[in-house]
Amino acid sequence: MSFSAQVKEELCRIDAPRCCQLAECMGIALYCNTCSGSELRIITESVSFAQRLPELFKHTFNLSFDQLPDLSIPGKRSLIIQDPKKLRIIYDGFGFDLDRSVSLHLNRGLLEDDHCRAAFLRGVFLAGGSVTDPDKRYHLELVTSHRSVSREVYALLLDMDFSPKQTSRNGSSVLYFKQSNGIEDLLTTMGAPISAMHIMEAKVEKDLRNTVNRRVNCETANLTKVVDAAQEQVAAIEQLMRSQVWDTLPDKLRATAKLRCDNPEATLQELADLCQPPVTKSAINHRLRKLMGLAETV
Ligand SMILES: [Zn+2]
């Protein structure tokens, strides 16, 4: 199941009071596929939403859908009302004027209380929203074909201290969120705290993975530096061995040179420990520098 579907399932478990049911229905109508004087058509892939709708409209308007989908068939499900009497009841409930080609707008009178605003957003998301799996990226969007409605929902979200972004795509108006905490807050407000928690967890995990990766990269870089330095030393020592200087070197220097050639991947500390008798790391460092300096002269 996609993350979007999980969120919708969680939202559909909510039992809302009557005032909130009307607000939720208005959100659904403004963000569903068709909301006109002749038809209300809601198309969804979410089984839980398709199951919630008949009950919600029954409780709110005491009416049923004219066409219901067969829930056992996967894919997109259509729920349709075309009966003019039913449409009039619904649009009257929202305060929409049916006589002048249905003027769709946000009836703020239905959204005075916080619980009703939350329910409205839930309806908006159920009908026209989607959210990307937080393991991939953070993106939540609300899509409607009514531009003025999108602007009104944008203003509502600002009033509620959210900061959505606006864009348009294929003639539809899109409000979207890209910040994980904005998405968490919106999901919590709509009534999906478990999904919000999932985003928080995904973020913690992602941050942790980034920290570990950064550290590994850093360690790899250090290791590469050690190996590069050792290779330079070995090359210098081989040059010395081929020269006349080699025989004139003190025993300590020659022993260190051989030790380095035999252990090209050892760190300075490891080389120091391999010496007979063991010496300090700085002593080894000093000898290797001396060898490098001598190699430059031959
Ligand atoms: Zn309410």
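The values are calculated or read from the model by the stated rules, or taken from the named source; none is laboratory data. Just so it is clear, the model here is predicted, and its values are computed rather than measured. Reconstructed Cβ throughout: ideal geometry from the backbone, glycine too, with neighbour counts over all protein chains shown.
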Which one of these does F65 not meet: (1) among the aromatic types (F, W, Y); (2) within 19 Å of A192 (Cβ to Cβ); (3) not in a helix (DSSP H, G or I)? (2)
Residues of the stretch 1-34 that turn out to be within 16 Å of the ligand (Cβ to nearest atom), assigned to a helix (DSSP H, G or I) and more than 19 Å from F65 (Cβ to Cβ), as a count: 5
Go through the stretch 112-194 and tell me which helices (runs of 4 or more DSSP H), entirely inside it, have 3 or more residues that are farther than 22 Å from C32 by Cα. 180-190
Of all residues in the stretch 66-80 being within 18 Å of C25 (Cβ to Cβ) and surrounded by 13 or more Cβ atoms within 10 Å (Cβ to Cβ), which is nearest to the ligand (Cβ to nearest atom)? L79
Can you say whether L110 is assigned by TED's automatic domain parsing to the domain that holds N170, in contact with an Asp or Glu (Cβ under 8 Å, 6 or more places away or on another chain) and either surrounded by fewer than 17 Cβ atoms within 10 Å (Cβ to Cβ) or more than 16 Å from L175 (Cβ to Cβ) (or both), as far as the supplied structure shows? no
Regarding the stretch 251-272, can at least one residue be identified that is free of Cβ contacts under 8 Å to residues at least 12 places away in the same chain, surrounded by 17 or more Cβ atoms within 10 Å (Cβ to Cβ) and not in a helix (DSSP H, G or I)? no
Test each condition in (1) more than 16 Å from the ligand (Cβ to nearest atom); (2) assigned to a loop (DSSP other than H, G, I, E, B) for L106 and report the one that comes out false. (1)
Condition check for D83: within 16 Å of the ligand (Cβ to nearest atom) and free of Cβ contacts under 8 Å to residues at least 24 places away in the same chain: no
Against the definition (free of Cβ contacts under 8 Å to residues at least 24 places away in the same chain and under 30 Å from P134 (Cα atoms)), how does D247 come out, yes or no? no
Looking at the stretch 245-261, is at least one residue at pLDDT 85 or above and hydroxyl-bearing (S, T, Y)? yes
Does the stretch 216-230 include one or more residues that are closer than 30 Å to G129 by Cα, free of Cβ contacts under 8 Å to residues at least 60 places away in the same chain and either out of contact with any helix residue (DSSP H, G or I) (no Cβ under 9 Å at 6 or more places or on another chain) or in the same structural domain as A16 (by TED's automatic domain parsing) (or both)? no
